[in-house]
Every structure is written in C-alpha cells, then in structure tokens.
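See below for the structure under consideration.
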C-alpha cells in the first residue's frame, strides 16, 4: 500500500497517533509511507496516487473537502483523534485561543470527519462510544504505545528522591484542584533530600529544589524522566480527562519510576501490577509521603512497571494499525467499484 499521513507536525501527540505507529505499520507490511511536513503543502498528485490517507485530528473545512474528493477516487480514509474536543475545559490554553466560533467549528468538523472516514481510530473507549453515536461506520480502540527508543533506558544515578511531574499546561487545573502544589511543598519541607523534576507545567516551588524542563524533545522524554524515582499523574474527574489515554503511566514505567495516579478515566483500571498506586482526591500528600519514605516499595513498583511496559512497544502492536489502514483502503476501493458498476 501507499499510505499518506496528514497531521499537525507540531503536536507531541502526533508521535503516538500518527508518525510512530504508521511507520511501524509500514515497516511491518513493506508499505510506502508519505507524510506532510511543517510549511509544505500536500501534493495533490501524491494524494491521488495513495491507497489510504490517515488523518490525525485535522478536521478543517479544507480537510473535509479533501477527504470527500479522495473518497470519490476510491482512496481509503482513516481518521484518528485522542482528545474529547467537545469537552474542552475553560482552563485549557486552547479554549480561549479557539474562541466560541473556533470551538464550534472544530466540533462540527470532527463530527463530519467521523461520518466520512472508512475507519476511525482512538485510544479511548469513551471517545469510541461518542464517535459511534455520531455515525462512524467502524471505530477501533488502539492504545498509545511506546516507541522502541523508550524501552530499556537505564536509570540515572542520583542522591535522595526525585519526584517527576510530567504535565502539559492543560494540567494546571488538575494540580490546582487536587492540591498537588501544597502537598509537594509539604513534602519538600519535611524531606531535605527530596527534589522535583517538572516537565511542561512549572509549579513555582523552591527553584533550589526543582529542575524545570519547559519542553522535552519527544524521543528524549524517557531519558529525562530516568533521573527521577516517582512520577505523578493527577487528573480531576471531568469529562475531558475521562477520555484521555494511559500513556503517561507507560512513560513513567519505562523510565523505571513508581507512579501515583488519580483513579480517573484511563488510569482507573491500573495499579500495582502496572507499577503504581491510585490516589483518591485528598490523599495525595500521604501517598507521596509513603513512597518517599519507602525505598523498597518504590523498587518493587518500578520492577512491576518495567515488566508491564515490555508488552507496550509500538512495534508489537503495529499489526492492528496496518489492519485498520488496509481495511479502510479495501472498503473505499470496493465502494468506488460499486459506484462505477452502477
């Protein structure tokens, strides 16, 4: 097959939902993979020579028109999304940037893409159910898995205990509502050997005790996390968070960290077997305190997490992505042939 990829190259999520899995699927089946790049428009001749187009998130008026044209030509469409745009909270930086009109257009565009696609993919059962209700013909839940570069990364030796907070700016609400800043400040005050590693969202705590990384290069992420011992993944219980993926816990586990997470959405079914503990609202300080004090528990959880993520590599699940692409191409081709025969 000839596969074309259309996504927003600047999005970190594009690595999980497009670049990495499609490259693995292409290698698995010996397919040709083409993709758009920042600042370069798609060549219509390339598009029309493809068997299937994979679209991650993009649902603009122009993209919808393109998809309609390609469907007429018998080219398969796989559309993927990993965020519940209709539930975008006001605290999210994109809420104000999009404005009311932009949010409405995005929701309508997604609904149209869902109906047009031959196959819809998402890492979330919550989103899958919504897309089926919107008229998607074929929805498949494909989790976010880890690139091979994340596997087998060695721990970085350091003194004391380091707590990692990997959080985009949209997680500010979670940290505020669940009192994480106060809980961490209390832990730092009680334990002079504890340090923080914050990636993305900074907490504004003691700079002498905090290493802040505003943005980590995707393939360097697990190596950066490997400098820590415990990873935090708080989620407030709102619709937006219920549709998230569980990949952050996989990242922590791959880096050799024990993790603590909210029992919300994608994390609710995970626990000590996967290398961490679920923390009810209000219990964050005590949960962090327990792991800071108990090195044996941290090692035990990290060992379990390492065992779990051995089966969470993208390459080991590439077949599901290849099948989705192939099925979309076959369905579109059959539809075009039926229209020609009629």
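The values are calculated or read from the model by the stated rules, or taken from the named source; none is laboratory data. This structure is a prediction, so every number in the text was calculated from the model and none was measured. We place every Cβ from the backbone using ideal geometry, glycine too, and count neighbours over all the protein chains shown.
Quick look at the numbers
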item: Helices (runs of 4 or more DSSP H) within the stretch 199-290 that include 2 or more residues touching a residue at least 60 places away in the same chain (Cβ under 8 Å) and more than 15 Å from residue 164 (Cβ to Cβ); result: 239-242
item: Scope the stretch 15-36; condition touching a helix residue (DSSP H, G or I) at 6+ places or on another chain (Cβ under 9 Å) and part of a loop (DSSP other than H, G, I, E, B); matching residues; result: 31
item: Matching option when the condition is closer than 24 Å to residue 130 by Cβ, under 18 Å from the mean Cα position of the chain (by Cα) and modelled with pLDDT of 95 or more, among 94, 54; result: 54
item: Count - residues of the stretch 224-237 that are out of contact with any strand residue (DSSP E or B) (no Cβ under 7 Å at 6 or more places or on another chain) and surrounded by 17 or more Cβ atoms within 10 Å (Cβ to Cβ); result: 4
item: Residue within the stretch 121-133 that is part of a helix (DSSP H, G or I) and within 28 Å of residue 340 (Cβ to Cβ) present; result: no
item: Residue, nearest to residue 79 (Cα to Cα), within the stretch 2-14, restricted to residues that are touching a helix residue (DSSP H, G or I) at 6+ places or on another chain (Cβ under 9 Å) and surrounded by fewer than 19 Cβ atoms within 10 Å (Cβ to Cβ); result: 8
item: Selection within the stretch 271-296 - touching a strand residue (DSSP E or B) at 6+ places or on another chain (Cβ under 7 Å) and either within 21 Å of residue 190 (Cβ to Cβ) or buried (at least 19 other Cβ atoms within 10 Å of the Cβ) (or both); result: 275, 276, 277, 278, 279, 287, 288, 291, 292
item: Single unsatisfied condition, residue 323 versus (1) under 20 Å from the mean Cα position of the chain (by Cα); (2) surrounded by fewer than 19 Cβ atoms within 10 Å (Cβ to Cβ); result: (1)
item: One residue from 153, 114 being over 15 Å from the mean Cα position of the chain (by Cα) and not assigned by TED's automatic domain parsing to the domain that holds residue 329; result: 153
item: Members of the stretch 158-181 that are part of a helix (DSSP H, G or I) and without any contact (Cβ under 8 Å) to a residue 40 or more places away in the chain; result: 176, 181
item: Any hit, the stretch 90-103, residues being in a loop (DSSP other than H, G, I, E, B), outside the structural domain of residue 250 (by TED's automatic domain parsing) and free of Cβ contacts under 8 Å to residues at least 12 places away in the same chain; result: yes
item: Residue 71, sole failed condition from (1) without any contact (Cβ under 8 Å) to a residue 60 or more places away in the chain; (2) part of a helix (DSSP H, G or I); result: (1)
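One line per residue, one yes/no per condition, for (1) closer than 24 Å to residue 330 by Cβ; (2) out of contact with any strand residue (DSSP E or B) (no Cβ under 9 Å at 6 or more places or on another chain):
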| position | (1), (2) |
| --- | --- |
| 10 | no, yes |
| 13 | no, no |
| 17 | yes, no |
| 50 | yes, no |
| 61 | no, yes |
| 66 | yes, no |
| 69 | yes, yes |
| 74 | yes, yes |
| 81 | yes, no |
